[in-house]
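Quick notes on the structure that follows.
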Amino acid sequence: MDLIKKRLFFLTFVGLFLTGGHTLSAQNLQLFGDFGRWLYPKECPERPIFSTTAELFHPDPWGNTFFFVDMEYTQKGVVSAYWQLVRELQFWKAPISIQLQYDGGLTNQFSYYNSYNIGPHATYSNEDNTKSFAGGILYKYIQGNTINPHSFLATIAWYLSFSEGKGTFKGYADFWQDPVQGRSDYVFFSKPQLWLNLNKFKGVHEKFNLSIGTEVRICYNLFAPDVFLIIPTAALKWTFW
């Protein structure tokens, strides 16, 4: 087993542990059907159809922890994995925290550079927690980038619950610089999601925590060099308590 396969196996194991462990479980598990290969046959001819995301958000007296693991699948199994871990430190009452973030991953062909981010992060939530907005500008260090490892990350995230919890609109958008040879340095990536939460509808058991919806993958210079893509998905989500 070569190094890439060993790393991919490790990240797959981490994802399974996070979604199935007894002492640490994901808050939700999402399954996506991706239409990218049909909408962009030239730019993304081999794009996997199925992917999953395992997410957890956990507040505590010193801030909060958020992470997700993305994995993509073909008939051969898992072909890519991406891991992001965010820790917000807040020992005070002001809505400004210090955010620490790591992200990295790999595919069958290559590994993503390890990226380490730090900076101020602001958060707003209304009293009943049906609306929230967060954003920050972070210093980004891209380990292994020989052109220039020093960069920035501008990030926003939002959450909106509506119709007495029947619907949820949430997502994030990131903009950063990743110096490379032969193409633009700047990268944009956003994942807005729209969910219908079935357990909020009349006649559905309150513990049947299945949601149906979509995630739209909007990016520039990420899945294909110097190309802007809008890729819709069909999605299912199960929320754990």
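Brief remarks follow.
- Pairs, first in contact (Cβ under 8 Å) with a residue 24 or more places away in the chain and within 30 Å of Leu194 (Cα to Cα) in the stretch 141-165, second basic (Lys, Arg) and not in a loop (DSSP other than H, G, I, E, B), C-beta under 6 Å, six or more apart: Phe152/Lys140; Leu153/Lys140; Tyr159/Lys170; Leu160/Lys131; Gly165/Lys200
- Selection count where residues are touching a Ser or Thr at 6+ places or on another chain (Cβ under 7 Å) and either over 17 Å from Ile142 (Cα atoms) or not in a loop (DSSP other than H, G, I, E, B) (or both), scope the stretch 174-191: 3
- Flag if Asp185 is among the charged types (D, E, K, R) and crowded, with 16+ Cβ neighbours inside 10 Å: no
- Boolean, Phe223 is surrounded by 14 or more Cβ atoms within 10 Å (Cβ to Cβ) and at pLDDT below 95: yes
- Conditions (1) surrounded by 15 or more Cβ atoms within 10 Å (Cβ to Cβ); (2) closer than 20 Å to Glu55 by Cβ; (3) free of Cβ contacts under 8 Å to residues at least 60 places away in the same chain: number failed by Ile231: (3)
- Candidate set from the stretch 104-132 (those that are of a type in the set (Gly, Ala, Ser) and without any contact (Cβ under 8 Å) to a residue 60 or more places away in the chain); member that is surrounded by the fewest Cβ atoms within 10 Å (Cβ to Cβ): Ser125
- Pairs linking a residue in the stretch 80-103 that is assigned to a loop (DSSP other than H, G, I, E, B) to a residue that is surrounded by fewer than 16 Cβ atoms within 10 Å (Cβ to Cβ), with Cβ atoms under 6 Å and 6 or more positions apart or on different chains, are Pro95/Ala122.
- Close pairs (6 angstrom Cβ cut-off, 6 or more residues apart or separate chains): without any contact (Cβ under 8 Å) to a residue 12 or more places away in the chain in the stretch 188-205, hydrophobic (A, V, I, L, M, F, W, C) and surrounded by 15 or more Cβ atoms within 10 Å (Cβ to Cβ) anywhere: Val204/Leu198
The values are calculated or read from the model by the stated rules, or taken from the named source; none is laboratory data. If you're wondering where the values come from, they're calculated on a predicted model, not measured in any experiment. Neighbour counts run over all protein chains shown; Cβ positions are idealised from the backbone, glycine included.
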